[in-house]
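Here the structure is laid out as structure tokens; the discussion comes afterwards.
Where a number appears in this text, it was derived from the coordinates with a stated rule and is not lab data. As the structure is a computational prediction, the values presented were derived from the model and not from experiment. Here the Cβ positions follow ideal geometry from the backbone for every residue, glycine too, while neighbour counts run over all protein chains shown.
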Amino acid sequence: MQSEEFYSRIRQAAVLESQARYDTFAALHKNILAEFETAVCSIDETRAESASSDGRSIKQVVGHIMEWDRYMIQAAGEYLSGVQNAQLMSFKGYHPLEGETRDFASINSFNAFQAAAQADQPWEQIQSRAITFARILYRLFTTPGLLDAPLLDATAPTKLAFPGGVRLKSNDGWQLWMIVMEHEGVEHMHDLAPR
């Protein structure tokens, strides 16, 4: 999805009442998930090892999205349990598959940790997990009774930031949903899109 279209749709949705915003986000997420799955499934092992626009391999880019999605699933669990401000919002409380819970100083330190952890993972494993975690997040946000509009409204107040410095009042749960869609559908899609 083109970034201009994505941010325009999110800005329009952000000012709607909660249920209308939820319905708009859900429809947008459905499209983004379909595009993300198509893109990731189209990547073969040779392309996975090729360089992305930022110098990482395509495999590392997909692995990066995969682990952020897994971290966001953990944050979703916090919201579902009544927490108003998930630890992810301050790069804390990440649970690796093996080892101790970790905190990170920044986005870059999280990304560096994941790049090192995934260096020897086979492409098929990263590809499969990336799709699985993306689908789980979609279900968490779009299944009635889970991360629904009232729950998202009950999370800590924040502001959604848009290119150009526009900031709109919102809540952490809505921000998390926007980040999921932005990451899977906009931020890295120029590297992942089928060729």
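The table that follows gives values for the structure above.
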item: Largest-first principal axis extents, alpha carbons of region 78-118, Å; result: 33, 21, 13
item: Among Ala134, Ala105, Ile58 - extreme Cα towards positive end, dipole of the chain, charges at beta-carbon; result: Ala105
item: Kirkwood Rh and Cα Rg combined as Rg over Rh, evaluated for region 116-177; result: 1.14
item: Amide H partners (placed H, <5 Å) of Asn171, local residues excluded; result: Thr158
item: From the C-alpha gyration tensor of the chain, square roots of 5λ in Å; result: 27, 20, 15
item: For region 119-136, 3J(HN,Hα) per residue [Karplus equation, 6.51 cos²θ - 1.76 cosθ + 1.60, θ = phi - 60°, Hz, x = Gly/Pro]; result: 3, 9, 6, x, 4, 4, 5, 4, 4, 5, 5, 4, 5, 4, 5, 4, 5, 4
item: Phi to ³J(HN,Hα) by Karplus 6.51 cos²θ - 1.76 cosθ + 1.60 over region 178-195, Hz, x for Gly, Pro; result: 4, 5, 4, 5, 4, 5, 6, x, 10, 4, 10, 5, 4, 7, 9, 3, x, 10
item: Debye intensity ratio I(q)/I(0), log10, region 1-69, q values 0.22, 0.25, 0.27 Å⁻¹ (C-alpha model); result: -0.98, -1.09, -1.16
item: log10 of Debye I(q)/I(0), alpha-carbon scatterers only, for region 48-116 at 0.12, 0.15, 0.16, 0.18 Å⁻¹; result: -0.35, -0.52, -0.59, -0.71
item: Per-residue [θ]222 nm for the chain (sum of -39500 (n - 2.57) over DSSP H runs n ≥ 4, rounded to 500); result: -19000 deg cm²/dmol
item: Nonlocal amide H pairs with Ser57, under 5 Å, H built at 1.01 Å; result: Ser52
item: Estimated FRET transfer efficiency when R0 is 41 angstrom, pair Phe113-Ser8 (beta carbons, to 0.05); result: 0.75
